[in-house]
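Accompanying notes for the structure given below.
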There are 2 protein chains.
Amino acid sequence: MKLMKSRHPEVNIQTVPGISSINGAASRLGIALAEGDDHVAIVPARDDFAEMKRVIIENDCVIFIKVAKVMDLMRDVLRELKLVVKTSIVAKVTSDEESVWVIHELDRVELE
Amino acid sequence: MKLMKSRHPEVNIQTVPGISSINGAASRLGIALAEGDDHVAIVPARDDFAEMKRVIIENDCVIFIKVAKVMDLMRDVLRELKLVVKTSIVAKVTSDEESVWVIHELDRVELE
């Protein structure tokens, strides 16, 4: 959108809100992302153990996006925090190729 | 949902994803909440200057909900961080009673 605005400032841009993959995933999992005064974070997963750990500790619900490339690290962080049992993984949610992994399968997840 | 599950565990609950007020607000403002590796936080505004400041500093985009009751404090935090110019306020988004405040009106906002 930023690129379009800078290259074609004369074009009138209108946005139409949709259902985000995050809301789709929460619905698919049948969970509420937040209740009461919960803090929610939406964070791209990165190859940074300390930072990923910090984000999880400081929030009540964290949605990591782009997880595939750092799957092993994320697994290690979640294990250290004993949060594997509270983790779900959803890929290509609401599409025909949707995948949902339950917790005990976490060791076998191989995202594309 | 948690209450319903605990009181009536026999009821089969299905959730249907919708457009969240957060996505609705971003669309109404014509902005992207995140680009690249931005961190997004969704946080209930609280009467805690240091905590609100910390959340803003540590994220690239913060959506504060339930702002009305701590409007003065939020204004002070944003002023201290010189972020008033990057702030928008949206109320009752996508409804007939929708209000959007532009930055220079921030001093005059009185939310219900």
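The values are calculated or read from the model by the stated rules, or taken from the named source; none is laboratory data. Quantities reported herein were computed from a predicted structural model and do not represent experimental measurements. Reconstructed Cβ throughout: ideal geometry from the backbone, glycine too, with neighbour counts over all protein chains shown. Note: accessible area is taken over every heavy atom of the protein model, side chains too, but ligands, DNA and RNA are not part of it. Shrake-Rupley method; radii C 1.70, N 1.55, O 1.52, S 1.80 Å.
Listing for the model above:
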{"item": "Filter result for the condition that a residue is out of contact with any helix residue (DSSP H, G or I) (no Cβ under 8 Å at 6 or more places or on another chain) and of a type in the set (Gly, Ala, Ser), over A:SER27, A:SER20", "result": "A:SER27"}
{"item": "Residue under evaluation B:LYS82, criteria (1) away from chain A (no Cβ under 13 Å); (2) open to solvent by less than 60 Å² (accessible area, probe 1.4 Å); (3) not hydroxyl-bearing (Ser, Thr, Tyr), criterion not met", "result": "(2)"}
{"item": "Single match in A:ILE56, A:ILE31 (criterion: in a loop (DSSP other than H, G, I, E, B) and either more than 18 Å from B:THR15 (Cβ to Cβ) or open to solvent by 50 Å² or more (accessible area, probe 1.4 Å) (or both))", "result": "A:ILE31"}
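The rows are residues; the columns are (1) among the polar types (S, T, N, Q); (2) in contact with a strand residue (DSSP E or B) (Cβ under 9 Å, 6 or more places away or on another chain); (3) more than 8 Å from chain A (Cβ to nearest Cβ).
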{"site": "B:ALA25", "(1), (2), (3)": "no, yes, yes"}
{"site": "B:GLY30", "(1), (2), (3)": "no, no, no"}
{"site": "B:HIS39", "(1), (2), (3)": "no, yes, no"}
{"site": "B:ILE42", "(1), (2), (3)": "no, yes, no"}
{"site": "B:ASP47", "(1), (2), (3)": "no, no, yes"}
{"site": "B:ALA50", "(1), (2), (3)": "no, no, yes"}
{"site": "B:ILE56", "(1), (2), (3)": "no, yes, yes"}
{"site": "B:ASN59", "(1), (2), (3)": "yes, yes, no"}
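The rows are residues; the columns are (1) loosely packed, with under 12 Cβ neighbours inside 10 Å; (2) within 23 Å of B:PRO44 (Cβ to Cβ); (3) free of Cβ contacts under 8 Å to residues at least 60 places away in the same chain.
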| position | (1), (2), (3) |
| --- | --- |
| A:ARG7 | yes, no, yes |
| A:ASN12 | yes, no, yes |
| A:SER20 | no, yes, yes |
| A:ASP48 | no, no, yes |
| A:VAL62 | no, yes, yes |
| A:ASP76 | no, no, yes |
